[in-house]
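**Q** Quick one: structure below, then a few questions.
The values are calculated or read from the model by the stated rules, or taken from the named source; none is laboratory data. Being a predicted model, the structure only gives us computed values, none of them experimental. Here Cβ is always computed from backbone atoms with ideal geometry, including for glycine, and neighbour counts include all displayed protein chains.
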Amino acid sequence: MKGHGVAGPSLALVKYWGKRSAEDNTPATGSLAVTLGTLESRTEVTWDDRDSVVVNGSPQPLERFAGFLGSLKAGLGVVDRGIAVTSVNNFPTAAGLASSSSGFAALAGAVAALAGVPVAPERLSALARLGSGSATRSVFGGFTVFDAGATQAVPEQDEGFWPGFRVVLAIVREEAKATSSRVAMETSRRTSPYYGPWVDTSPALLSSAREALAHRDWARLGPLVRQSYLRMFATMFTAEPPLLYWKPESLALIQALEALRAEGFTAWETMDAGPQVKIFCPEDQAGALVAELSRRVPEVRFLTAAPGPGLRTWREP
Ligand code: DP6
């Protein structure tokens, strides 16, 4: 018997960065994110004598998964069994493309399917949180909100809400990052003098961004998206030791986008704990945007995605 889970990465427009409780993995800042279509983690699980995890064909050290698999099994009432996990991402893993969001959501769903217990999406969202905060959001499609201190995400707008909404992913480096988001956000929390102001100013940013999204208002949403990631990075640049994920091409892309906005493009970037630049833009500008950026910043690979569906799961006899 097999359990299957498929989920897309959750890309935040307004960022989760820092934990209210590390034990419960609840966020200090509320986030607003879009679940991407086209990109996905596909996870298959079977019962086994012991737990094991293979991602993209490579066996993984169990430390990052043991606690999560334990909580998942306890939550689903299947404690005394081992689980063999095989997961494949159709996009670069651990390079700041949110593979932990889709990966842990797909895993939570696959194990629930294998256990054969009906689990509501709200509960799957709460379970996925124990693997990764952003995975909480990947359970739902379209746009989602994960409030500060919350234990699950809530759907904000469905995947068809904004048909012309596109995300262009500019992949600057393919390799995995040196410092995980988990470690980096904790370093920011402990050492950056700007962490307090980051947390304090985030509720206003989130509520303005939700409103701008509800009106499909690029002109309001864009600058809020930019404020969120730059304030988040302010806590990283001023952490001890500093967290410098940016590469020269990351900054070149940010500056090229500023110039392209002045030339009439409606394109706003964000970044996560990695060097990749993710750009939100209207569908009818995506092609020209990629052409311009490729010309101005060579050696960058581009992928385009639209808002996608939430977690899909099934059981194979
Ligand atoms: C920068 O969800 O990877 O992508 O909960 O510790 O697993 P853990 O962190 P994770 O952090 C995501 C941080 C971010 C912003 C975001 O997705 O909101």
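**Q** With the requirement that a residue be within 21 Å of Met236 (Cβ to Cβ) and either acidic (Asp, Glu) or in contact with a helix residue (DSSP H, G or I) (Cβ under 8 Å, 6 or more places away or on another chain) (or both), what does the stretch 17-36 give you?
**A** Trp17, Gly18, Lys19, Ala22, Asn25, Thr26, Ala28, Thr29, Gly30, Ser31, Leu32, Ala33
Here is a yes/no grid of residues against (1) under 30 Å from Pro317 (Cα atoms); (2) in contact with a Gly (Cβ under 8 Å, 6 or more places away or on another chain):
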| position | (1), (2) |
| --- | --- |
| Trp17 | no, no |
| Arg20 | no, yes |
| Glu23 | no, no |
| Ser41 | yes, yes |
| Glu44 | yes, yes |
| Val53 | yes, no |
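Each row is one residue, and each column tells you yes or no for (1) more than 30 Å from Val119 (Cβ to Cβ); (2) part of a helix (DSSP H, G or I); (3) among the charged types (D, E, K, R).
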site: Phe233; (1), (2), (3): yes, yes, no
site: Trp246; (1), (2), (3): yes, no, no
site: Asp272; (1), (2), (3): no, no, yes
site: Arg295; (1), (2), (3): yes, yes, yes
site: Pro298; (1), (2), (3): yes, no, no
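**Q** Further, regarding this structure: Considering only the stretch 49-83, how many residues are surrounded by 14 or more Cβ atoms within 10 Å (Cβ to Cβ) and closer than 19 Å to Met1 by Cβ?
**A** Number satisfying all stated conditions: 10.
**Q** Check whether at least one residue in the stretch 148-158 is more than 16 Å from the ligand (Cβ to nearest atom), more than 30 Å from Ala291 (Cβ to Cβ) and assigned to a helix (DSSP H, G or I), and report yes or no.
**A** Checked against the condition, which is being more than 16 Å from the ligand (Cβ to nearest atom), more than 30 Å from Ala291 (Cβ to Cβ) and assigned to a helix (DSSP H, G or I), the stretch 148-158 yields no hits at all.
**Q** Does the stretch 119-146 hold any residues that are more than 12 Å from the ligand (Cβ to nearest atom) and either farther than 14 Å from Val34 by Cα or in a strand (DSSP E or B) (or both), and which are they? Lay out the reasoning, then the answer.
**A** Going through the stretch 119-146, the residues more than 12 Å from the ligand (Cβ to nearest atom) turn out to be 119-127, 139-143.
Within the stretch 119-146, Val119, Ala120, Pro121, Glu122, Arg123, Leu124, Ser125, Ala126, Leu127, Phe143 meet the criteria.
**Q** While we're on this one: Have a look at Ala234, Ala219, Ala212 and point out the one that is crowded, with 19+ Cβ neighbours inside 10 Å and of a type outside the set (Asp, Glu). Even if it seems obvious, please write down each step before you answer.
**A** Details: Ala234 fails: crowded, with 19+ Cβ neighbours inside 10 Å; Ala219 fails: crowded, with 19+ Cβ neighbours inside 10 Å.
Answer to the selection: Ala212.
**Q** For the stretch 116-129, enumerate the residues that are modelled with pLDDT of 95 or more and surrounded by fewer than 23 Cβ atoms within 10 Å (Cβ to Cβ).
**A** If the condition is that a residue be modelled with pLDDT of 95 or more and surrounded by fewer than 23 Cβ atoms within 10 Å (Cβ to Cβ), then Ala120, Pro121, Glu122, Arg123, Ala126 are the ones that fit.
**Q** Quick one: which of Ala256, Ala273 is over 30 Å from Thr46 (Cβ atoms), in contact with a helix residue (DSSP H, G or I) (Cβ under 7 Å, 6 or more places away or on another chain) and at pLDDT below 95?
**A** On the way: Ala256 fails: at pLDDT below 95.
One residue alone meets the criteria, Ala273.
**Q** Given the structure, is Val111 over 28 Å from Leu221 (Cα atoms) and within 13 Å of the ligand (Cβ to nearest atom)?
**A** Values: over 28 Å from Leu221 (Cα atoms): yes; within 13 Å of the ligand (Cβ to nearest atom): no.
Against the criterion (over 28 Å from Leu221 (Cα atoms) and within 13 Å of the ligand (Cβ to nearest atom)), Val111 does not qualify.
**Q** Let me ask you something else. Out of all the residues in the stretch 84-100, is one or more away from the ligand (no atom under 16 Å from the Cβ) and surrounded by 20 or more Cβ atoms within 10 Å (Cβ to Cβ)? Show your work before the answer.
**A** Applying the first criterion (away from the ligand (no atom under 16 Å from the Cβ)) to the stretch 84-100 yields 84-86, 88, 90.
Subsequent filtering for residues that are surrounded by 20 or more Cβ atoms within 10 Å (Cβ to Cβ) retains 85.
Yes, some residue in the stretch 84-100 is away from the ligand (no atom under 16 Å from the Cβ) and surrounded by 20 or more Cβ atoms within 10 Å (Cβ to Cβ).
**Q** Shifting gears a bit: Looking at Ala150, Ala212, Ala178, can you tell me which residue is under 17 Å from the mean Cα position of the chain (by Cα) and among the aliphatic types (A, V, I, L, M)?
**A** Numbers: Ala212 fails: under 17 Å from the mean Cα position of the chain (by Cα); Ala178 fails: under 17 Å from the mean Cα position of the chain (by Cα).
Matching residue, one of Ala150, Ala212, Ala178: Ala150.
**Q** Just one of the numbered conditions (1) at pLDDT below 95; (2) touching a helix residue (DSSP H, G or I) at 6+ places or on another chain (Cβ under 6 Å); (3) polar (S, T, N, Q) is not true of Ser102; which one?
**A** (1)
**Q** Restricting to the stretch 175-221, name every residue that is part of a loop (DSSP other than H, G, I, E, B) and free of Cβ contacts under 8 Å to residues at least 60 places away in the same chain.
**A** Going residue by residue through the stretch 175-221, those that are part of a loop (DSSP other than H, G, I, E, B) are 175-180, 192-194, 215-217.
Hits for the stretch 175-221 are Ala178, Ser192, Pro193, Tyr194, His215, Arg216, Asp217.
**Q** Kindly indicate whether Gly75 is at pLDDT 95 or above, more than 14 Å from the ligand (Cβ to nearest atom) and either acidic (Asp, Glu) or within 16 Å of Leu124 (Cα to Cα) (or both). Break it down into steps so the answer makes sense when it comes.
**A** Details: at pLDDT 95 or above: no; more than 14 Å from the ligand (Cβ to nearest atom): yes; either acidic (Asp, Glu) or within 16 Å of Leu124 (Cα to Cα) (or both): yes.
No, not satisfied.
**Q** For the stretch 2-51: of the residues being part of a loop (DSSP other than H, G, I, E, B) and hydrophobic (A, V, I, L, M, F, W, C), which is nearest to the ligand (Cβ to nearest atom)? Working first, answer last.
**A** Initial filter on the stretch 2-51 (part of a loop (DSSP other than H, G, I, E, B)): 8-9, 15-18, 22-25, 28-30, 37-40, 49-51.
Subset that is hydrophobic (A, V, I, L, M, F, W, C): 17, 22, 28, 39.
Working: Trp17: 6, Ala22: 8, Ala28: 11, Leu39: 14 Å.
Among residues in the stretch 2-51 that are part of a loop (DSSP other than H, G, I, E, B) and hydrophobic (A, V, I, L, M, F, W, C), the one nearest to the ligand (Cβ to nearest atom) is Trp17.
**Q** Among residues belonging to the stretch 262-285 that are surrounded by fewer than 15 Cβ atoms within 10 Å (Cβ to Cβ) and in contact (Cβ under 8 Å) with a residue 12 or more places away in the chain, point out the one that is farthest from Thr179 (Cα to Cα). Steps first, please.
**A** Residues of the stretch 262-285 surrounded by fewer than 15 Cβ atoms within 10 Å (Cβ to Cβ): 262-264, 283-284.
This time we only want the ones that are in contact (Cβ under 8 Å) with a residue 12 or more places away in the chain, so: 283-284.
Numbers: Glu283: 33, Asp284: 36 Å.
Only one residue tops the list, namely Asp284.
**Q** Return yes or no: is Arg295 modelled with pLDDT under 95, of a type in the set (Lys, Arg) and farther than 25 Å from Asp158 by Cβ?
**A** Values: modelled with pLDDT under 95: no; of a type in the set (Lys, Arg): yes; farther than 25 Å from Asp158 by Cβ: yes.
Criteria not met by Arg295.
**Q** Taking the stretch 182-208, which residues are surrounded by fewer than 15 Cβ atoms within 10 Å (Cβ to Cβ) and aliphatic (A, V, I, L, M)?
**A** Correct list: Val183, Ala204.
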